[in-house]
Each structure stands twice: as structure tokens, then as C-alpha cells.
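Single-structure report; data block below.
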Amino acid sequence: MKEYSLLKCKMETMPHFMAKACLFFQLCELRHDIRTEWRVPNGFVDIVDLTTQTIYEIEFHHGKGHRNRKIDLYHMSGFEVIVVDCHKLPPTLDEMAVYLEQYIVPD
């Protein structure tokens, strides 16, 4: 299983990285079993929560078409794919955490 790589980090924007880190932290606080940059058949997903079998893909592009393409691309049997819409992501970490909570699947 491939974990987070430095090469991947260099291709991310700071807002994408911060949103992923904030969501990762929140899931850790819930004591979920999570991985970042998890390999799936069609690439790597931002975060996978093995506790709830949920794939989280952080996206700054909005629109149903883009969201549906991501869901189709990363669909795996037994897993739910959630595209986290970050195009209106708040600027502070505290506000970001509150915003991202709406996407978290509880166990």
C-alpha cells in the first residue's frame, strides 16, 4: 500500500493540502482508521476511512458533472465516495474544521 509521497505533495496547492490535513485531523480525533493517498484502481484518493469505508476526495472545482466524474473514477465495491466541495472553503482553520464536519461519515 502506497502512503503519502513527497512528489505528490509538490503537486498540491496549499488550500488543498490544508483541507486534507484538517479533514485527516478530524477523522483521527474520531479514532477512525484512515490513510492518505491510498491507491485505488484508477489512481490515488486523498483520504480513505477504513472504519466507515468512505473515500474522501478534496475538490476545488464545483459542479455536478465534475463531482460525478470523480465518484465514477474512484468507485470501489463496498466504499462510498464523497467529493468534498472546497470551492467555498473558509480561510481560517477553525472555520474550515466546522465546514468540513458536514462531510464526515460518523461510525
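How do Lys20, Lys88 line up, fewest other C-beta atoms within 10 Å first?
Lys88, Lys20
Considering the values (i) -0.48, -1.25; (ii) -0.25, -1.61; (iii) -0.30, -1.44, which represents log10 I(q)/I(0) by the Debye sum over Cα atoms at q = 0.10, 0.24 Å⁻¹ as calculated for the structure under consideration?
Only one listed value fits the structure, namely (ii).
So if I place +1 on the C-beta of Lys and Arg and -1 on the C-beta of Asp and Glu, and nothing else carries charge, what would the dipole magnitude of region 28-100 be about its Cα centre? I want it in debye, nearest 20.
That gives a dipole near 280 debye.
Scan around Val40 for amide H atoms under 5 Å from its own, H built in the peptide plane at 1.01 Å from N, and keep only partners 5 or more places away or cross-chain.
Here the answer is Val45, since their amide H atoms fall under 5 Å of that of Val40.
What distance in nm separates the simple spin-label points at Ala97 and Phe60, each placed 7 Å from Cα in the Cβ direction?
Label at Ala97, label at Phe60, 2.3 nm between them.
By count of other Cβ within 10 Å, fewest leading, how are Cys86, Cys28, Cys22 ordered?
Cys28, Cys22, Cys86
Determine, for each peptide in 50-57, 61-68, 96-103, the mean count of other beta carbons within 10 angstrom over its residues, then list the peptides with the highest first. Intermediate results must be reported in sequence, preceding the final value.
On the way: 50-57: 18.5, 61-68: 12.1, 96-103: 15.0.
Ranked by mean Cβ neighbours within 10 Å, highest first: 50-57, 96-103, 61-68.
Residue-wise, which Karplus ³J(HN,Hα) couplings in Hz belong to region 80-85, taking 6.51 cos²θ - 1.76 cosθ + 1.60, θ = phi - 60°, and x for glycine or proline?
9, 9, 10, 8, 8, 7
Provide the per-residue ³J(HN,Hα) series for region 35-42, in order, calculated from phi with Karplus coefficients 6.51, -1.76, 1.60 and θ = phi - 60°, each as a whole number of Hz, with x at glycine and proline positions.
9, 10, 6, 7, 6, 10, x, 9
Since every read-out is calculated from the coordinates, none of them should be taken as a lab result. Source: prediction; values computed, not measured. In this analysis, Cβ positions are derived from the backbone assuming ideal geometry, glycine residues included, and neighbour counts consider all displayed protein chains.
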